[in-house]
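Report on the structure given below.
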Amino acid sequence: MKEQLRISVIIPVFNEAQNLRVLIPFLRQYGGDFIVDLIVVDGGSTDDSCQVAESLGAYVLHSEIKSRAVQMNLGAGHAKGNTLFFVHADTRPLKSFAEDIQKALIKGYKAGCFRYRFDSPSTLLKFNSWFTQFNGVFSGGGDQTLFITRDFFNTLGGYDSGFCLMEDFELVRRIKRKAKFHIIQKSMTVSARKYENNSWLRVQLVNLFVFVLFYFGTKPEKLKKLYSTLLNYGSNS
């Protein structure tokens, strides 16, 4: 990548005020001059997510539809950077995230993500996170974040707004058809809150079940309904 890295961070949110109070200052502090804009796309929060984001200097957009795919596409449409970095509000990137992305782009990668670990001492969750180092069929979930050049994202047509679940895997699947997908071998920290509201085994079985249905073409609306029915995922899902 010959031109200077200019990152647009895009954060889709729904009732994430508490996480935004930590995440936005972190991104600004460690992203430094690489961060061109920081865009929070709200899906109808009933807490003070929007006020918190604005007070911390983020550009806030309001989506009429609560859907990560729709929200992230909306954010991308307003981005000014040459590279998009999609981050969930409960994710904590590395201090070196901007430099790590730049190195990947210099090597010629157009898109990729990070490994992750959970904010939990659970041995079972350590086992889960160990697999995020591999670039396999399960790689590229939203918890791993996604960096992608804006031109490549636009060429792909962005996220498929018809997906109300699994939108991240669907996009990564299309990315891999066009380019090499790169996993940066450094671990970010992600929230274990889904596992705190459900047993480890239950989450694993539901994830596998939904992923298999996704792989065989089940409609996104059905996937979302099943996921919401089978898991207690909390008000932020």
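To the nearest 20 debye, what charge dipole does region 27-150 have about its Cα centre, counting +1 at the Cβ of each Lys and Arg and -1 at the Cβ of each Asp and Glu? Mind dumping the intermediate values first?
Details: 13 positive and 12 negative charges, 129 e Å.
Computed about the Cα centre, the dipole is about 620 debye.
Please report, in debye to the nearest 20, how large the charge dipole of the chain is about its Cα centre when each Lys and Arg carries +1 at its beta carbon and each Asp and Glu carries -1 there.
Working: 30 positive and 21 negative charges, 199 e Å.
Rounded to the nearest 20 debye, it is 960 debye.
Which listed residue (Phe138, Cys113, Leu74) has the Cα farthest towards the positive end of the charge dipole for the chain, taking +1 on Lys and Arg C-beta and -1 on Asp and Glu C-beta about the Cα centre?
Final value for the positive-end residue is Phe138.
Collect residues whose amide H, placed 1.01 Å from N in the peptide plane, falls under 5 Å from the amide H of Phe118; neighbours closer than 5 in sequence don't count.
Val190
Provide the net charge surrounding Val203, with neighbours chosen by a C-beta distance below 12 Å and charges set as Lys +1, Arg +1, Asp -1, Glu -1. Before the final figure, lay out the partial values.
Details: positive: Arg193, Lys194, Arg202; negative: Glu196.
Every neighbour counted, the sum reads +2.
In sequence order, what are the phi-derived ³J(HN,Hα) couplings for region 161-173 according to the Karplus relation 6.51 cos²θ - 1.76 cosθ + 1.60 with θ = phi - 60°, rounded to whole Hz, with x for glycine and proline?
5, x, 9, 9, 7, 6, 4, 5, 5, 5, 5, 4, 4
Running a GNM on the chain with Cα contacts under 10 Å, which residue among Asn15, Asn73, Asn154 ends up with the highest mean-square fluctuation?
Evaluated over the chain, the most mobile residue of the options is Asn154.
Which residue, Val22, Val40, Val60, has the most motion in a Gaussian network model of the chain that connects Cα atoms within less than 10 Å?
With Cα springs under 10 Å in the chain, the top fluctuation among Val22, Val40, Val60 is at Val22.
Tell me which residues come under 5 Å, amide H to amide H, from Ile10 once H is placed; ignore anything under 5 positions away on its chain.
Amide H neighbours of Ile10: Ile39, Phe85, Phe86, Val87.
Quantify, in whole percent, the carbon and sulfur part of the accessible surface of the chain (1.4 Å probe; protein heavy atoms only). Mind dumping the intermediate values first?
Numbers: 6170 of 11520 Å².
The C+S portion of the solvent-accessible surface of the chain is 54 percent.
Using the Cβ atoms and a cut-off under 12 Å, what net charge is assigned to the surroundings of Phe118, where Lys and Arg are +1 and Asp and Glu are -1? Mind dumping the intermediate values first?
Details: positive: Arg92, Arg115, Arg117, Lys126, Arg193, Lys194; negative: Asp90, Asp119, Asp143, Glu196.
Result for the neighbourhood of Phe118: +2.
State, to one decimal in nm², a quarter of the convex hull surface area for the C-alpha atoms of region 29-108, i.e. the direction-averaged projected area. Don't skip to the end; give the middle numbers.
Details: hull surface 23.4 nm².
Computed as one quarter of the Cα hull surface, the answer is 5.8 nm².
Tell me the per residue accessible area of region 1-153 using a 1.4 Å probe; a whole number in Å² is fine.
Numbers: 6870 Å² over 153 residues.
Heavy-atom SASA per residue in region 1-153 reads 45 Å².
Around Ser96, under 11 Å between beta carbons, what's the net of Lys plus Arg minus Asp minus Glu among the other residues? Each step should come with its number before you reach the end.
Values: positive: Lys95, Lys103, Lys186; negative: Glu99, Asp100.
Spelling it out: positives minus negatives among the neighbours equals +1.
Would you grab the residues whose amide H sits under 5 Å from the one on Lys66? Only those 5+ places off in sequence or on another chain, please, with H modelled 1.01 Å from N.
Under 5 Å from the amide H of Lys66 lies no amide H from a residue far enough along the sequence or on another chain.
Can you tell me, using C-alpha contacts under 8 Å and at least 6 residues apart, the relative contact order of region 72-211 as a whole percent? Don't skip to the answer; put the middle values down first.
Details: 174 pairs, mean separation 52.5, N = 140.
Once normalised by length, the contact order is 37 percent.
Residue by residue, what Karplus-based ³J(HN,Hα) values in Hz, rounded to whole numbers, does region 22-29 have, using 6.51, -1.76 and 1.60 with θ = phi - 60° and x for Gly and Pro?
Once θ is set to phi - 60°, the couplings for region 22-29 become 9, 5, 4, x, 4, 4, 5, 5 Hz.
Could you give each residue of region 109-122 its phi-based ³J(HN,Hα) in whole Hz, using Karplus coefficients 6.51, -1.76, 1.60 with θ = phi - 60°, and x for Gly or Pro?
6, 9, 7, x, 8, 10, 6, 8, 10, 8, 7, 8, x, 4
The values are calculated or read from the model by the stated rules, or taken from the named source; none is laboratory data. Predicted model only: the values in this text are computed from it and were never measured. In this analysis, Cβ positions are derived from the backbone assuming ideal geometry, glycine residues included, and neighbour counts consider all displayed protein chains. Note: areas computed on protein heavy atoms with side chains; ligands, DNA, RNA excluded. Shrake-Rupley method; radii C 1.70, N 1.55, O 1.52, S 1.80 Å.
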